[in-house]
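Some notes on the structure that comes next.
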Amino acid sequence: MTWNKRAGLAAAAMAATTALLAGCGAGTATDAGTAPVAENKPMVDKANWPKATPERGLAKGLSLPLETYMQTYQDTVALDQASRNLQEKCMAGYGFSVELPLAGTTPPPNDNDANMERRYGLTDRQAAARYGYGLPEALTRQVRQKMPELTDEQVQVLTGHSRPTMPNVPGAARAAGPAPESYKGKKIHKGGCFGWAKGKLTQPTAEDLTFVSELNGNSFTESMRAPAVKQALAGWSQCMKAEGYAAATPFEAAEIAPHAEGGPASKEEIAVATAEIDCKEKTDLVAVWFAEESKIQKAQIAEHQDRLNGARTRNSDAVAAADAELAG
């Protein structure tokens, strides 16, 4: 239901390094099978970044109370790119000119873990009439970035360990030993330039991000048990039955004619997708569900106000530091 990648910021920032250590050379992709970006388009196209709140459809303008405490995609990109910039500066201090891949080239379909666009199933009839349960091309096309080839010494300085070697046993993990203590007389940082950048840049704690995400998931689960939501779902299900589809929830409807990965939506898929949105509009399902879950989240916030305030402050402080680094 939700896009939850923000608890792993360090892992995200290390993705470029992982690709390099896997032996990628110049011209290879950060994601296998992705298409190169068109020459007339920017590598990072913010026009494709998800909006803070849905701008059309049944969820237009809706924002749950907990979203105030969530990390946005823009926050994530700022933290990731600032870390990569610091890694490049650190490498330059050892005499290496390394350009790591840019962050923000392949945006997700939603701005934060709430995933309001599809939290209660499909809500955008215009998109459903074209893509069914799939996503617009702009959100499925990934950008191919050139990867620099790193020497063994550069790998050691960047990561603090040697280049992983391929094991002889199939399925076994790659082995990597520690880097030398120094390179040309200059001490290598613990964890290499990646570890140094991580230490220089304040990061929200994984506990903060996970806590907010868990509350978000719990509120959704609890909302499905609310009498008003049950009643609205029952009405929606009856509406779908009248349209010829048997589904107790919008998530079951998505399984009636599932979207073919990588292909266009079928006529049947589009018919189901638009029917479920029409039935939501007739039964006011989205508005009812949103109202009930908002009540639940407000209660969660009241119960955990201090912890949530702390999480929000730590995130905003981290993003401010990242923005300052990006500003130069």
(request) Take the alpha carbon atoms of segment 258-297, find their center, do the same for segment 90-131, and report the distance between the two centers in whole angstrom. (result) 22 Å
(request) Determine the alpha carbon to alpha carbon distance for each of 241/267; 60/267; 146/184; 60/280; 60/295 and list only those over 23 Å. (result) 60/267; 146/184
(message) Under the rule of at least 5 residues apart or a separate chain, name every residue whose amide H is placed under 5 Å from the amide H of residue 183.
(response) 188
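Arrange the peptides 243-255, 191-203 so that the one whose residues have, on average, the most other Cβ atoms within 10 Å appears first. Kindly include the intermediate steps, with their values, before the conclusion.
On the way: 243-255: 16.1, 191-203: 19.8.
Highest mean packing first, the order is 191-203, 243-255.
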(message) Among 91-103, 107-119, how do they line up by average Cβ neighbours within 10 Å per residue, starting with the highest?
(response) 107-119, 91-103
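Packing-wise, with mean Cβ within 10 Å as the measure, how do 317-323, 279-285 rank, highest first?
279-285, 317-323
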(message) Using +1 at the C-beta of Lys and Arg and -1 at the C-beta of Asp and Glu, which of 277, 320, 246 has the Cα lying farthest in the positive direction of the dipole of segment 6-327?
(response) 320
(request) Quick one: give the max-minus-min coordinate of the C-alpha atoms of segment 6-327 along each principal axis, largest first, in Å. (result) 75, 47, 44
(request) Determine the shape class of segment 182-314: with a ≥ b ≥ c the square roots of the Cα gyration tensor eigenvalues, call it rounded for a/c under 1.5, and otherwise prolate if a/b is greater than b/c, oblate otherwise. (result) oblate
(request) Using a cut-off of 12 Å between beta-carbons, work out the net charge of the residues near residue 255 (Lys and Arg +1, Asp and Glu -1, residue 255 not included). (result) -3
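Let a ≥ b ≥ c be the square roots of the eigenvalues of the Cα gyration tensor of segment 263-322; is it rounded (a/c under 1.5), or, if not, prolate (a/b larger than b/c) or oblate?
Numbers: a/c = 5.49, a/b = 1.83, b/c = 3.00.
Cα axes put segment 263-322 in the oblate bin.
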(request) Quick one: what are the phi-derived ³J(HN,Hα) couplings along segment 144-160, Karplus 6.51/-1.76/1.60 with θ = phi - 60°, whole Hz, x for glycine and proline? (result) 8, 10, 6, 10, x, 8, 9, 6, 4, 5, 5, 4, 5, 5, 6, 10, x
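The numbers here are math on the coordinates, done by the rules we state, and not lab data. All values derive from a computational prediction rather than experimental measurement. Cβ sites come from the backbone with ideal geometry, for glycine too, and all protein chains shown count toward neighbours.
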